[in-house]
Amino acid sequence: LKGIDLTVDKGDVVAILGPSGSGKTTFLRCINFLERADAGEMVFDGETFDLAAVRRRDVARIRRKTAFVFQNYNLFLNKTVLDNVTLGLTAVRNLPRAEATDRAMDALIRVGMADKVQSYPSQLSGGQQQRVSIGRALYSHPAVLLCDEPTGNLDRKTGEEIVGLLKESNRSQKQTLILITHDEALAMQADRILYLEDGKIVKNEVLRHQV
């Protein structure tokens, strides 16, 4: 990444386009500190963080306000749908099992997977696995939802359903949604499109403003 300078307002839907190797995934991962930048600052919810020297406790606080949806679903193959969603709540946030299950079920109902809670990822279609991945991201009610090619492995119809889920979450929860996509038709549904090339934002196109 080279000199990225960007402001994203609360509730915005931002789509990121660009060729392979342009820095799209690196950009998204730096926001969530899955990658450590060499330099720079990020202002998040009024606080300024040094991207190259952020403290571990600050990373934990930012991650509590964000969620990441991976292109490859990133599910635990040996755990059920319900366990995939509750694991972060019980193991990382130390919530009681009953409370974690209630929150997970709410998220799985929202993404239409409540009838598959005892299924394993291998028993699900690609679209269903992505729904579980989104449900896992939504259970914590993140302020910012980061999605890396969330429809990249799906057929057109299933991909449109996934986009509908993401946009509904954006509207109902007033979440900020930043997503990488190769699909220009999908990108045109965003409020803004960023075009990346060689680690730089070469175009920042505002499509419309939310009401």
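The values are calculated or read from the model by the stated rules, or taken from the named source; none is laboratory data. Source: prediction; values computed, not measured. Don't worry about glycine lacking a Cβ; one is built from the backbone with ideal geometry, like all the others, and counts go over all protein chains shown. Heavy atoms of the whole protein, side chains included, go into the accessibility calculation; ligands, DNA and RNA do not. Shrake-Rupley method; radii C 1.70, N 1.55, O 1.52, S 1.80 Å.
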Would you mind telling me the antiparallel percentage of the DSSP bridges in region 74-211, rounded to 5?
-> 55 percent
To the nearest 20 debye, what charge dipole does the chain have about its Cα centre, counting +1 at the Cβ of each Lys and Arg and -1 at the Cβ of each Asp and Glu?
-> 600 debye
Of the options LEU82, SER20, THR7, report the single residue whose Cα projects farthest towards the positive end of the charge dipole of region 1-83 (beta-carbon charges: Lys, Arg +1; Asp, Glu -1).
-> LEU82
Can you tell which of GLY152, GLY164, GLY18 shows the greatest fluctuation in a Gaussian network model of the chain with Cα springs below 10 Å?
-> GLY164
Hey, got the dipole for region 1-123? About the Cα centre, +1 on K and R Cβ, -1 on D and E Cβ, debye to the nearest 20?
-> 360 debye
So what's the net charge close to VAL111: Lys and Arg +1, Asp and Glu -1, counting the other residues with Cβ under 11 Å from its Cβ?
-> +1
Regression test value, accessible area per residue of the chain, probe 1.4 Å, units Å², expected 52 Å²
Please give the calculated 222 nm ellipticity per residue for the chain, where each DSSP H segment of at least 4 residues contributes -39500 (n - 2.57) and the sum is spread over every residue; nearest 500 deg cm²/dmol?
-> -10500 deg cm²/dmol
Any idea what the dipole of region 1-62 comes to, in debye rounded to 20, about its Cα centre with Lys/Arg Cβ at +1 and Asp/Glu Cβ at -1?
-> 300 debye
Relative contact order in percent for the chain (Cα pairs under 8 Å, 6+ apart) equals 34 percent
Put +1 on the Cβ of every Lys and Arg and -1 on every Asp and Glu Cβ in region 117-206; which of ALA185, GLN175, VAL202 then has its Cα farthest towards the positive end of the dipole?
-> GLN175
Would you please put 98-105, 55-62 in order of how densely packed they are, using the mean number of other Cβ atoms within 10 angstrom per residue and starting with the highest?
-> 98-105, 55-62
Which order do the peptides 191-203, 169-181, 127-139 take when ranked by the mean count of other beta-carbon atoms within 10 Å per residue, highest first?
-> 127-139, 169-181, 191-203
If R0 = 45 Å, then SER119 and ARG57, at their Cβ-Cβ distance, give a FRET efficiency to the nearest 0.05 of 0.80
Using a probe of 1.4 angstrom, how much of the accessible area of the chain is carbon and sulfur, in percent?
-> 47 percent
In nm, spacing of pseudo-spin labels at ASN32 and LYS203 (7 Å Cα→C-beta vector) | 2.7 nm
